[in-house]
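For reference, the structure is listed below as structure tokens.
Derivation of every value follows stated rules applied to the coordinates shown; laboratory data play no part. Computed from a prediction, not measured in an experiment: that's the story for all the values here. When we count neighbours, we look across all protein chains shown, and the Cβ atoms used for this are built from the backbone with ideal geometry, even at glycine.
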Amino acid sequence: MAMQNKKVAAILDLVADYLEMDGVDFRTKAYRRAAHTVDFLTQPIEEVHKKGGLEKLPGIGKAIALKIAEILDTGSLQYLEELKKQYPVDFEVLLLVEGLGPKTIKLLYQELGVKDLDDLEKEARRGHIHRLKGMGVKSEKKILENLEFAKKSTGRRLLGEILPLSQELKERIGSLPEVEIVEIAGSIRRRKETVGDIDVLTVTSDPQKVMDYFINLDLVGGVISHGPSKSTIRLKDGMEVDLRVFKKEEYGSALVYFTGSWELNVELRKIAISRGLKLNEYGVFKGDEQLAGRTEEDVFQALGLSYIEPELRENRGEMEAALAGKLPELVEKSDIKGDLHLHTQWSDGRSSILEMAEAAQKRGYQYLAITDHAQGLPVAGGLDEIALKEQMIEIDAVNDELDNIHVLKGVELNIGPDGSLDIDNEVLEELDVVLAAIHSGVPFKEGTLTDIILDVLENEYVDILAHPSGRKLKKRPAYDINLEKVFETAKETGTILEVDGQPQRLDLNDENIRMAIKYGCHLALDTDGHHTRDLDYMELAVSTARRGWAEAHDVVNTLPLKKFLKLF
Ligand SMILES: [Zn+2]
Ligand SMILES: [Zn+2]
């Protein structure tokens, strides 16, 4: 449902980008504000529209309300198409290059005719960019570096965006009485942080009917192929979906095959061959006889392996572990007893403390920590010491009001460029959970960032280092930090490392998590939620931790409340 909100917000944001290119500050700001309002709206935007309430939304005037209505009614916006014609550049892709804003993109287009990443790379390599006004050798070098990153990001979408969509697809296909089994395979099932396409497998008594239903779904933008055993569609938002039909006795091997990863499949086939067997998407065979294929468990067993969880299937040693019977017992969503990183209306969140507590209660948690931003982040409405103390009073009141859930008092400190923290120690002492994090995208002086973080870890009041690497998927790479040193020190100081479940963060990432565990560090799986619905990001935090081989005992918020409190 919130998908329409996201789509409308993205279009308004893109309009703002184009306007910014033209330097129309006033209208740029209006569109940005409108995008933000829609993005954080608690109801589906189409409902607001139906009730004629668009103009009543904060920051949305008559003109923009009409534009939103147009997007909702037609799926696109004529005004945006006109803006695009004015600047025939691949704007969304160029914006992925860190350091390139709308104004620079305009300059590059007008002076050098740069339209896409290829043009940009060519001009940067030829040394044409540093001669432009406002650019220099350093920014040219930076563009070349960040280009590589942007190239990898194009075409793939965030897991957090695609997961709800794929689950909706699964439910709708599964609602047909003829469908016996339906499952999402591919990188989504492995919970890879970005997704290229969606693979759906099904077992059905009536393939033709299921395929006809599939290609006629209202989400479909185009049909690429339509057959009885495989169809491919393109969704309205551009993502391709394959639906494949298998027989019941093949389903398990098909699921292994289409879940991947490709690298693991290669290794599995080698094992099969070494045992005189053949493995493909239809089963494990000895000669012509199918030995296994109905379930994944059967397939792994026929190869002499214990069951490998989908999140581990990346050929990073899981096969060796499966052969040796030494696979980890991965943490599960049901192990999680609380969320330790949440924002409310006190800073830049959208829900109240009470609403967040009730949402946590609904999810069966025992506790949650309210960790609004502190004053070092004025753009996020950060709190000073006085406000934090007032907030503590409200938290006490909520705790009095609600049973079966305990609201912990916390804060998310901002680590300043000089390493300073933005709340006095006396107040920190009164809090249950203190997070510290870097938020500035501005690079610190070279070589000092790791040292700054090590100092923060040494600070006895800081419990958790939040979103430690600072990366934002498809936006910017991790900060230049020596994470091994961070993990080593965190182990010594007992500072907990966060796995932030925000779709664009997933920070620490899977590989870092695995390394942190090797160092003996503990993790906190959080959502960094700014709205009650964001508590669902726990699923992303958990699956990222599972990809990092985390077990329940590696994660502090699997502890029941009493044990958890003793930790601090
Ligand atoms: Zn933060
Ligand atoms: Zn936060």
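Annotations
- Overall size of the range 333-567 from C-alpha positions, given as principal axis extents largest first: 48, 37, 34 Å.
- Nitroxide proxy distance, nm - points 7 Å out along Cα→Cβ at Lys50 and Glu70: 2.4
- If only the Cβ of Lys and Arg carry +1 and only the Cβ of Asp and Glu carry -1, the dipole of the range 157-245 around its Cα centre is close to 240 debye.
- Ranking of Ser469, Ser261, Ser274, Ser420 by count of other Cβ atoms within 10 Å, fewest first: Ser274, Ser420, Ser261, Ser469
- Simple point charges give the picture: +1 on the Cβ of Lys and Arg, -1 on the Cβ of Asp and Glu, and for the range 333-567 a dipole about the Cα centre of about 1200 debye.
- For a label point 7 Å along the Cα-to-beta-carbon line of Asn404, residues of the range 505-542 with backbone N under 12 Å: none
- Sequence-separation-based contact order of the chain, relative, with Cα cut under 8 Å and 6+ spacing, percent: 9
- Amide proton proximity set for Leu525, modelled H, under 5 Å, gap of 5+: Val499, Val556, Asn557
- Among the listed pairs Lys62/Lys474; Lys192/Lys333; Lys29/Lys192; Lys29/Lys56; Lys67/Lys475; Lys56/Lys472, those beyond 25 Å (Cα-Cα): Lys62/Lys474; Lys29/Lys192; Lys67/Lys475; Lys56/Lys472
- Ordering Ser469, Phe487, Leu449 by the projection of their Cα atoms onto the charge dipole of the range 436-505, which places +1 on the Cβ of Lys and Arg and -1 on the Cβ of Asp and Glu, puts Ser469 at the extreme positive end.
- Summing Cβ point charges (Lys, Arg +1; Asp, Glu -1) relative to the Cα centre of the chain gives a dipole of roughly 2120 debye.
- Dipole of the range 2-153, positive direction: furthest Cα of Leu94, Met135, Gln4, with charges on the beta-carbon: Met135
- Theoretical FRET efficiency, 1/(1+(r/R0)^6), r = Cβ-Cβ of Gln208 and Arg294, R0 25 Å, to 0.05: 0.60
- Three-way shape call for the range 261-323 based on the alpha-carbon gyration tensor, with the a/c threshold at 1.5: prolate
- For the range 532-559 versus the range 349-374, the gap between their alpha-carbon centres in whole angstrom: 17
- For the chain, calculated [θ]222 nm from helices alone, where every DSSP H run of n ≥ 4 adds -39500 (n - 2.57): -13000 deg cm²/dmol
- DSSP H segments from the chain that extend 27 Å or more along their own axis, Cα-based, with Kyte-Doolittle mean of -1.0 or above: 2-21
- For Lys326 and Phe149, the difference between the fully extended length at 0.36 nm per residue and the C-alpha to C-alpha distance is 60.2 nm.
- Treating r as the C-beta distance of Glu492 and Leu561 and R0 as 22 Å, the FRET efficiency rounds to 0.25.
- Sorted by Cβ neighbour density within 10 Å, fewest at the top, the residues Glu193, Glu171: Glu171, Glu193
- Reciprocal mean inverse distance between Cα atoms of the chain - Kirkwood radius, Å: 26.0
- Taking the charge dipole of the chain about its Cα centre, with +1 at Lys and Arg Cβ atoms and -1 at Asp and Glu Cβ atoms, the residue from Thr74, Gly260, Ser543 reaching farthest to the positive side is Thr74.
- Radius of gyration and Dmax over the Cα atoms of the range 74-159, both given in Å: 13.7, 45
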